[in-house]
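Since every read-out is calculated from the coordinates, none of them should be taken as a lab result. Computed from a prediction, not measured in an experiment: that's the story for all the values here. Backbone-built Cβ (ideal geometry, glycine too); neighbour counts: all protein chains shown.
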Amino acid sequence: MAPPSVIAIDGPAAAGKSALAERLARALGYVFFDSGALYRAVTWAAHQHGVDPRDEAGLANLARRLDIRIEPSDGSGRHAYRVLVDGRDVTASLFQPEIDARVSVVSAHPRLRQVLLPLQRQIAARGGVVMAGRDIGTVVLPDAPLKLFVRAGAATRAGRRYEQLRRRGVDADLATVLAEMERRDRLDSGRAVAPLAIAPDAVVIDSDQLSLDEELALALRLVRQRDP
């Protein structure tokens, strides 16, 4: 029996959803797709082209012109994928503080989300995909056969993001990271379109007290339970 063809994993920033999605995809031989990379790519491009993060029409028009591609990593970087914008590998630039500070504002725009939605669904339609984001189970793939929601407290998530930034060589302050995390939570949960929310049929994983190995073991048990 085969596992579900598509698995949706949602959760707030730094809850561990992408780490779980990546490990789960590897265990199943699936493709890992981080939908947040699309919004970070548009945010990066807007920063490069001088488009205001609050300019909804400008961002939507910019996204229509961009050639954004997500490719498997060659193993030389810290990520399981590479993000190319018009042929340029921008992966290393997508997690800088200036992008973190803008991406929730950018991703809240309904017109931009509509531009990027078909691309996400096309990727999922191929099957064999673990897709992580904030609205995958509720909006992008509401019919996904398995939905997970990974959550953790803001302090735990801020500590994780702080360590991530330090490992990338970014000069970060923990209190500032926590404040930014709480601001992003408010923006993501309070936006009018596709807010961060738990799908009614999602299984919630509290990652505060679980190791990555324990999370993966739990996710694999859930996959086996959902075998068609």
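Considering the dipole of the chain built from charges on the beta carbon (Lys and Arg +1, Asp and Glu -1) around the Cα centre, which of VAL51, LEU117, ILE99 is farthest to its positive end?
Looking along the dipole axis, the top candidate is LEU117.
Note the full-extension length gain between LEU220 and LEU119 as 0.36 nm times their separation in residues minus their Cα-Cα distance, in nm to one decimal. Working shown, then result.
Working: separation 101, 0.36 × 101 = 36.36 nm, distance 2.70 nm.
Extra length from LEU220 to LEU119 when fully extended: 33.7 nm.
Mind ranking 59-68, 203-212 by how tightly packed they are, going by the mean number of other C-beta atoms within 10 angstrom, highest first?
Details: 59-68: 16.3, 203-212: 14.6.
Highest mean packing first, the order is 59-68, 203-212.
Which value, in debye to the nearest 20, gives the size of the charge dipole of the stretch 6-220 about its Cα centre, when Lys and Arg are +1 and Asp and Glu are -1 at the Cβ?
It works out to roughly 380 debye.
Place a +1 charge on the Cβ of each Lys and Arg in the stretch 106-211 and a -1 charge on the Cβ of each Asp and Glu, then give the dipole magnitude about the Cα centre in debye, rounded to the nearest 20.
Numbers: 17 positive and 12 negative charges, 72 e Å.
I would put it at about 340 debye.
In terms of modelled amide H atoms, which long-range or inter-chain residues lie less than 5 Å from the amide H of PHE149?
Those qualifying (amide H under 5 Å, at least 5 residues apart or on another chain) are ASP10, VAL203, VAL204, ILE205.
Rounded to the nearest 500 deg cm²/dmol, what is the calculated helix-only ellipticity per residue at 222 nm for the chain, with -39500 (n - 2.57) per DSSP H run of length n ≥ 4?
Roughly -15000 deg cm²/dmol at 222 nm, from the helical runs in the chain.
If contacts are Cα pairs under 8 angstrom and at least 6 residues apart, what is the relative contact order of the chain in percent?
Rounded, it is 34 percent for the chain.
Please report, largest first and rounded to whole Å, the three semi-axes of the ellipsoid equivalent to the chain, where each semi-axis is the square root of five times an eigenvalue of the C-alpha gyration tensor.
Over the Cα atoms of the chain, the semi-axes work out to 26, 21, 17 Å.
Arranged by the count of other C-beta atoms within 10 angstrom, fewest first, what order do VAL129, VAL139, VAL106 take?
Least crowded to most crowded, the residues run VAL139, VAL129, VAL106.
Within 10 Å, count the other beta carbons around each residue, average over each peptide in 31-43, 114-126, and list them highest first.
For the peptides 31-43, 114-126, the packing ranking is 31-43, 114-126.
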